[in-house]
Amino acid sequence: MMIYFACNNIDVEELIRCSFSISKTEYRIIKELTNTREKYSIEQLSSLFKKNRTTIQKAVKNLVQKNLIQRRQINLDKGGYIYYYFVEDPEQMKRRIKEIIEHWYNSAMKEIDKL
């Protein structure tokens, strides 16, 4: 989806990636988790995106640190555990994006007023 702004079109993916300083892989993970509302393991995400486990681990670690996705530990019956990743509240993410855009807008308006 593109947004027209003055003389440029801004892709919504680019807007979100820029807003949160995330990579294309991280964006794809957020989008999948938001759209499906499912919980995924590293292995499932790795298979889904055809990326190696290390790449996915780094991506989800960054997303968890930025509080864009959550991680839940599930203990296995035979011992050990596995982490699952998910988006708890997609509306919260939308609010965060809107706040970032609103902050940008207010900053732009202040700079214009200085002209």
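The values are calculated or read from the model by the stated rules, or taken from the named source; none is laboratory data. Owing to the predicted nature of the structure, the values given are computational and were not obtained by experimental measurement. We place every Cβ from the backbone using ideal geometry, glycine too, and count neighbours over all the protein chains shown.
Yes/no per residue for (1) surrounded by fewer than 13 Cβ atoms within 10 Å (Cβ to Cβ); (2) at pLDDT 95 or above; (3) not in a helix (DSSP H, G or I):
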site	(1), (2), (3)
17	no, no, no
27	no, yes, no
44	no, yes, no
54	yes, yes, no
60	no, yes, no
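Residues of the stretch 62-90 being among the polar types (S, T, N, Q), in a helix (DSSP H, G or I) and surrounded by 11 or more Cβ atoms within 10 Å (Cβ to Cβ), which ones?
Within the stretch 62-90, 62 is the sole residue that qualifies.
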When the stretch 29-42 is checked residue by residue, the ones that are surrounded by 15 or more Cβ atoms within 10 Å (Cβ to Cβ) and in a helix (DSSP H, G or I) are 29, 30, 32, 33, 34, 42
How many residues does the stretch 96-115 hold that are loosely packed, with under 10 Cβ neighbours inside 10 Å and among the basic types (Lys, Arg)? 2
Mind checking which residues of the stretch 62-81 are over 15 Å from residue 39 (Cα atoms) and among the basic types (Lys, Arg)? 66, 78
Any residue in the stretch 60-75 that is within 16 Å of residue 16 (Cα to Cα) sitting within a Cβ distance under 6 Å of a residue that is loosely packed, with under 11 Cβ neighbours inside 10 Å and β-branched (Val, Ile, Thr)? List the pairs, counting only those 6 or more apart or interchain. none
